[in-house]
1. I want to check the label-to-label distance for Leu416 and Gln134. Put each point 7 Å from Cα in the C-beta direction and report it in nm to one decimal.
2. To the nearest Å, what is the center-to-center distance of segment 250-289 and segment 326-392, using C-alpha atoms only?
3. Determine ³J(HN,Hα), in whole Hz, for all residues of segment 372-380 in sequence, where each value follows from phi through the Karplus function 6.51 cos²θ - 1.76 cosθ + 1.60 and θ = phi - 60°; x replaces Gly and Pro.
4. Quick one: if you stick a label point 7 Å off each Cα along the C-beta vector at Leu378 and Ala305, how many nm between them?
5. Could you compute the FRET efficiency for Gln110 and Asn271, with r as their C-beta to C-beta distance and R0 at 30 Å, rounded to 0.05?
6. Need one number: the % of Cα-Cα pairs in the chain sitting beyond the 43 Å mark.
7. I need the shape label for segment 72-203. Rule: rounded when a/c is under 1.5, else prolate if a/b > b/c, else oblate, with a, b, c from the alpha carbon gyration tensor.
8. Order these by the 10 Å Cβ neighbour count, fewest first: Asp231, Asp338, Asp93.
Amino acid sequence: METRTEAPPRTGQSDGRGAATPPPSEPAKKARKAPPLWVLVIGGIVVIAILIFGIQWLAYALGHESTDDAKVDGNTVAITSKISERVAKVLVDTNQEVRRGQVLIQLDDQDERTRLAQATAARNATAAQGTAAQQNVQLTIAQQNAQDQQGTGGITSAESQLKNAQAQYDAAQQQAKAAYAAIAQAQAQLKQAAAQVPSARETLVKANADLARTASLVRTGDEPESQLDADRASQASAQANYQAALDNENAAETAVTQAQARYVASLASANAAQAGIGAQEGQITTAQGHLSESDTPYRVSAERAQAAAANAQTKSLDAQLRTAQDQLSYTVIRSPIDGYVGSKNIEIGATVAPGQSLLDLIPQTGLYITANYKETQLGSIKVGAPVDIEVDAYKGVKFHGHVESIAPASQNTFSLVPAQNATGNFVKVTQRIPIRILVDDPPADKPLRVGMSVTASVAKQK
């Protein structure tokens, strides 16, 4: 049996039996609407907390200038080449940690070593000439009387050497002609060897086909095993003949190359001999001049002038030697800082040009915050002011720093096309001024990375 509970009648309504319910008195209303005490206590605590934290937040906001237009920045180092050369080794990779002085890239240094050897030899030769010239200044006085006879002998010797150089030139010419003929002969042999390759290849193809056909017939019993052995022997012979033809062709190509090299060497010898002829003719002229000037009183002065010229040339070659040494050192590209490889724009085998960007290095230390404040916020920001920093990557972690410097101009000033407010309809736009902030003692377990977004709050200064 269900028990029903009837709701009390509303104020001023009938109770169902024809009698109206009288309205409640005022004390009864107040007793029914008053909240419990614990609600009032909690509400009071909430209001007090809101007032405390609100006042703290308001005081902090009034005492600081904040912006979220800020990021972690650093003096990125672009690694470039000072010379044009081919990359031989790349010893680092993207994101790799590097130390100052560590080798990053090794360029091919064969040409630089050759130039260094040439410069060293030229410098040493000139220095030796300078030393000899200095000694000749002292010897000239004692040898002046005897140089008349020596001059005559020098002319005779120079003429003899000239004949010898002429003979060497003639012999080199003959060798060059013979080498040129050898090239033609080697090319003919190469052509003959190359002509044998297609025939040997066709024979090998036929032997392979015969072997395959005989093997199939042997499996079906239509041919005896002896025929298969014979075809195998024919195939092996054809294979050997084909390989021999290829070897002959390669040997002929090598012979052509060697003949060409001998021809080039013969031409070089002929040119050197021809240069020797000119040198010997110059020596004859020099010897004749020495003979005619042996009694002149200016010989000592001339020797001294030659010594001075040799010394000056030695100094010039010293500079060239240092340049060659520098060029060789430029083939080894080292890290100028401790940091990380941010990006790698080069691979082995590529040829780099002077000034070409090869790597970007991100420094390990010296990172800073670049915060772009509105110009209306700069009035209370001073150099050295403390800064609270919040990094988006590390929620709840607060970094501390100070203002190192304030940019002398807005970002718009350095743009490619700065605004020209003197023309057109002027619309005032609040500019932003970059501020550099240094982080004081960043936590080791919370590394900052270039490009991280941050929020910076600078304490206002009077």
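FYI, it's all coordinate maths here, none of it is from the lab. Please read all numbers here as calculations on a predicted model, not as lab measurements. Cβ: placed from backbone, ideal geometry, glycine included. Neighbour counts: every protein chain shown.
1. For the pair Leu416/Gln134, the computed spacing is 6.1 nm.
2. 56 Å
3. 9, 8, 5, 5, 6, 9, 7, x, 10
4. Those two pseudo-labels are separated by 6.8 nm.
5. E(calc), rounded to 0.05, equals 0.75.
6. Numbers: 69326 of 106491 pairs.
Tail fraction, whole percent: 65.
7. Since a/c reaches 1.5 but b/c is at least a/b, the shape of segment 72-203 is classed as oblate.
8. Numbers: Asp231 21, Asp338 16, Asp93 8.
By the 10 Å Cβ count, ascending, the order reads Asp93, Asp338, Asp231.
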